[in-house]
Each structure stands twice: as C-alpha cells, then as structure tokens.
Amino acid sequence: MPEYFFNGQRFNLKYPAVMGILNLTPDSFSDGGLFNDPTIAAEQANLMYQQGAQIIDLGAESTRPGSEPVSEQEELSRLLPVLEKLPKDQFLISLDTTKPLVAEAGLQAGAHIINDVSGGNHELLSLAEKHHAGFVLMHAKGSPKTMQISPTYQNVVEEVRAFFDSKKDDLIQRQLPRIWIDPGIGFGKTLEHNLVIMRNLSMFKEEEWGLFLGSSRKSWIDQLCNAPTPSDRLGGSIASALASILHGVEIIRVHDVQETAQAISVAKEPVSYTHLTLPTTPYV
C-alpha cells in the first residue's frame, strides 16, 4: 500500500483506488445542479468516502462536450465554500480545474491533487510542485466546447502515447509525490477511438507515472448499449472500470462509488491486481 505526502498530509493509497466525482456545477452532463449547496455537497463527499472512495474530485466548471467556460471568480465561488467544509486528513481531495488561480486557492485551502484536463499547463504543474500536490495529466483534443466535432487520428494509441511522452521530461523533473496520466476517454474521441484506447490501456504504463481512467456514465456507453440517459449507464460504467484495472489502472474516476467499489472488491479476489501479464504491443 503506497504511502504519499500530499500538501502536508500523509495518505496510504490502496490500489486500485476509487475517485468519487462531486460536480459543483449547474450544467454537468450527469449530476449538474444536485450539489450546488455547500452543505449538501460536503455531505455527499463524506458519503462517497464511507462508500469506498479514497479520493473526492471537486469540479466547479463543467467540461462536458459543448460546455462554455466560466470565470475564475465564478469557479471559486462554487468551490471554496465546499472545500472549507471538508476534512483534509480523511480522504484525498482533487481539484478538477484548468485555471491556475483556482488551483492556487484550492491548494492553499487544503486540496491534495490537481486534475488537469487542459493537457499539462506549466503553471498548474508549478503550483502542484510548490504545494507538493499530486497531479493528473489528461489528454484532450480541443476544448470542451469543440472537442467532439469530428475528432480524427491516424493511430489514436500512438498519438495519445506520443503526447504523454512529449510531457515526460517535464513531469519527472518536478518534485511531485505522484503523477497519473489519463488518456481522456470522451475528450476529443469517437466511439472507436475510445474502444481502441480501452483495449490498449497497458500501452500507457510507465514506472514514472500511474494510470488513471474516467469513463463513468459517458456517452460512449450509450453508443454501445442504447443507454440514452447517464443514469442508465451503471452497468457499462462498472464494466469499463473492471476492464481497466486488468490493464493496471490505479485510479478509477466514477459517479457511482458504492457500486463500483463493491464490484472492484469482488473482482480482485479471483484476479491478482499486482501479478498480471499484460500485452506489450497494441491491438485494435
């Protein structure tokens, strides 16, 4: 069980770890508007922790396809009242943000990880290093507003891997307690791109970083299974989580914490997470 010091707090992470999603937005694709009240949001964070989440990911700006950005002040007004209500020593708190000012304020208020969907912003990396925070680097093609407008790749696995390789020197030179990379399911990818990435997650493994996946309730499950609303996609979300841990993913970002944590606990019994034979070449 790895031990880390994140922003002055010691944590033991048991892999694979569940990260619970807590959207503080009115317009997120799955649960927008449910947790606008800081007290309700804090109660939800503590509930997800009790259900098995080791990390809570706070998002105060929607990154769903087609979403519009919000100002720094608007994002902070949603985030800080919730962050102030959360304990800083029970579970890890992640900030899903692309804005350095928001990240700085959140880290000063006790958050432990920056979850960067902007693709490795140098300012965000410097802030993570300054506060000795963990860092999640996600691949995305385009901004949330435009990313799903006809995304194209020659070879999605090779191109996403090349993106992470281009960031590798900068990442490993930083004094960060832990880095995770996220191939960005649904962020500038078609259904086929998502499926090829899912089949080839082990191609992104490196000693220098851990693997991270966020596939919960996303529209690719609807395209596969005819599940038109996000709440219809529990089975597909759990299946993608279990498939990913067979490829060595360390952190699974999910909406349905209790169900996913239970499924992982059961699936780990017949399959040893730490002694897997993984493919060494990509397949489609």
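Here is how the numbers come out for the structure above:
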| read-out | value |
| --- | --- |
| Test set (1) in contact with a strand residue (DSSP E or B) (Cβ under 9 Å, 6 or more places away or on another chain); (2) touching a residue at least 40 places away in the same chain (Cβ under 8 Å); (3) surrounded by fewer than 18 Cβ atoms within 10 Å (Cβ to Cβ); (4) within 23 Å of S219 (Cβ to Cβ) - K88 fails condition number | (4) |
| Residue list for segment 165-190, filter: closer than 21 Å to F11 by Cα and charged (D, E, K, R) | R174, R178 |
| Index of the failed condition, W220 passing every other in (1) closer than 30 Å to G8 by Cα; (2) part of a helix (DSSP H, G or I); (3) hydrophobic (A, V, I, L, M, F, W, C) | (1) |
| Scope segment 110-142; condition open to solvent by 10 Å² or more (accessible area, probe 1.4 Å) and not in a loop (DSSP other than H, G, I, E, B); matching residues | H122, E123, S126, L127, E129, K130 |
| Yes/no for G186 being open to solvent by less than 30 Å² (accessible area, probe 1.4 Å) and modelled with pLDDT under 95 | yes |
| Any hit, segment 126-134, residues being farther than 25 Å from P100 by Cβ and either of a type in the set (D, E, K, R) or in contact with a Ser or Thr (Cβ under 7 Å, 6 or more places away or on another chain) (or both) | no |
| Residue that is of a type in the set (S, T, Y) and surrounded by fewer than 16 Cβ atoms within 10 Å (Cβ to Cβ), where the choices are T39, T25 | T39 |
| Extreme residue, farthest from Q54 (Cα to Cα), among residues of segment 244-259 that are open to solvent by 30 Å² or more (accessible area, probe 1.4 Å) and modelled with pLDDT of 95 or more | E259 |
| Tabulated pairs, segment 94-117, first closer than 20 Å to R10 by Cα, second among the β-branched types (V, I, T) and in a helix (DSSP H, G or I), C-beta under 9 angstrom, 6+ apart or interchain | L95/V102 |
| Any hit, segment 61-80, residues being among the β-branched types (V, I, T), in contact with a Pro (Cβ under 9 Å, 6 or more places away or on another chain) and touching a residue at least 12 places away in the same chain (Cβ under 8 Å) | yes |
| Tally of residues being open to solvent by 10 Å² or more (accessible area, probe 1.4 Å) and under 21 Å from T63 (Cα atoms) across segment 217-226 | 6 |
| In segment 243-260, the residues that are part of a helix (DSSP H, G or I) and either closer than 24 Å to L137 by Cβ or within 13 Å of the chain's Cα centre (by Cα) (or both) | A243, S244, I245, V257, T260 |
| Selection within segment 47-84 - open to solvent by less than 10 Å² (accessible area, probe 1.4 Å) and of a type in the set (V, I, T) | I55, I56, V82 |
| Any chance L107 is open to solvent by less than 30 Å² (accessible area, probe 1.4 Å), touching a helix residue (DSSP H, G or I) at 6+ places or on another chain (Cβ under 8 Å), in a strand (DSSP E or B) and not polar (S, T, N, Q) | no |
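To keep it simple, each residue is scored yes or no on (1) open to solvent by 40 Å² or more (accessible area, probe 1.4 Å); (2) of a type in the set (D, E, K, R); (3) touching a residue at least 60 places away in the same chain (Cβ under 8 Å); (4) in a loop (DSSP other than H, G, I, E, B).
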residue	(1), (2), (3), (4)
M147	no, no, yes, yes
Q154	yes, no, no, yes
V160	no, no, no, no
K168	yes, yes, no, no
Q175	yes, no, no, yes
I181	no, no, no, no
L195	no, no, no, no
M198	no, no, no, no
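The values are calculated or read from the model by the stated rules, or taken from the named source; none is laboratory data. Small disclaimer: the values here were computed from a predicted structure and weren't measured. Note: ideal-geometry Cβ built from the backbone for every residue, glycine included; neighbour counts use all protein chains shown. Heavy atoms of the whole protein, side chains included, go into the accessibility calculation; ligands, DNA and RNA do not. Shrake-Rupley method; radii C 1.70, N 1.55, O 1.52, S 1.80 Å.
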